[in-house]
1. Pick from the stretch 32-70 the residues that are charged (D, E, K, R) and not in a helix (DSSP H, G or I): which of them is surrounded by the fewest Cβ atoms within 10 Å (Cβ to Cβ)?
2. Assess whether Lys141 counts as being in a loop (DSSP other than H, G, I, E, B), farther than 30 Å from Arg75 by Cβ and at pLDDT below 90.
3. For the stretch 79-103, which positions are small (Gly, Ala, Ser), under 17 Å from the mean Cα position of the chain (by Cα) and open to solvent by less than 70 Å² (accessible area, probe 1.4 Å)?
4. Are any residues in the stretch 16-31 within 15 Å of Gly170 (Cβ to Cβ) and in a loop (DSSP other than H, G, I, E, B), and if so, which ones?
Amino acid sequence: MVIEEPLCKRCGKPVDDDRAEYCSDCNRHEHYFDAGRGVFLYKGDIKKSIYNFKYNNKREFVKFFGDEIIENLGRWIADISPDVLIPVPLYPKKERMRGYNQAELIARYLGEKLNIPVEPYLIERRINTLPQKELSADSRKKNMKKAFNIAENIVKLNIAMVVDDIYTTGATADAVSRLLKEAGVREVYVLTICAGNGF
């Protein structure tokens, strides 16, 4: 199911009141990114497709997901006009075992179609964190704390767009966005295939 208005002005999750600016998560917590958007609600067949994309080597799904992002969020991306797309990195050992990073596949597909540079090595994951889906919201934040670091000089970047597969609590997006902001990036946006429910 494609996410439609009304949605949270910060993270892009759907909200149940068109007078509400923010979802319950964003009302409770500050975020380091400026805004985020996802195409699909993380449930049903899309949830299964994401699982297969990540864990069952269904790399061919990248075209479907990439085309849906362009169709539904292409204008939003163009309005932001990011200098670069930055996929959320996997821990190196995990990426070697899986054979690919699904966020990087999406970022590279979008970068090619939208003519935006992709920088998969600006951020590195230095801790092999637990899977977020197994943790509570607070535990997710602790799990991501100090999980990443800046691997290359990013002093020339003004606007960055972080690319990932799923946005739920925002713990991963915040961890990466905080690093980028602290390194001098002026604006950071988050783009995902799916977002959880924001009610």
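The values are calculated or read from the model by the stated rules, or taken from the named source; none is laboratory data. Computed from a prediction, not measured in an experiment: that's the story for all the values here. No Cβ is skipped: glycine too gets one built from the backbone with ideal geometry, and neighbour counts run over all protein chains shown. For the accessible areas, the whole protein counts, side chains as well, though only heavy atoms, and no ligand, DNA or RNA atoms are used. Shrake-Rupley method; radii C 1.70, N 1.55, O 1.52, S 1.80 Å.
1. Selected residue: Glu60.
2. no
3. Hit for the stretch 79-103 is Ala103, nothing else.
4. Scanning the stretch 16-31 gives Tyr22, Cys23, His29, Glu30, His31.
A quick yes/no check of all residues on (1) of a type outside the set (A, V, I, L, M, F, W, C); (2) in contact with a Phe, Trp or Tyr (Cβ under 9 Å, 6 or more places away or on another chain); (3) touching a residue at least 12 places away in the same chain (Cβ under 8 Å):
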site: Pro14; (1), (2), (3): yes, yes, yes
site: Gly74; (1), (2), (3): yes, no, yes
site: Val84; (1), (2), (3): no, no, yes
site: Val88; (1), (2), (3): no, yes, yes
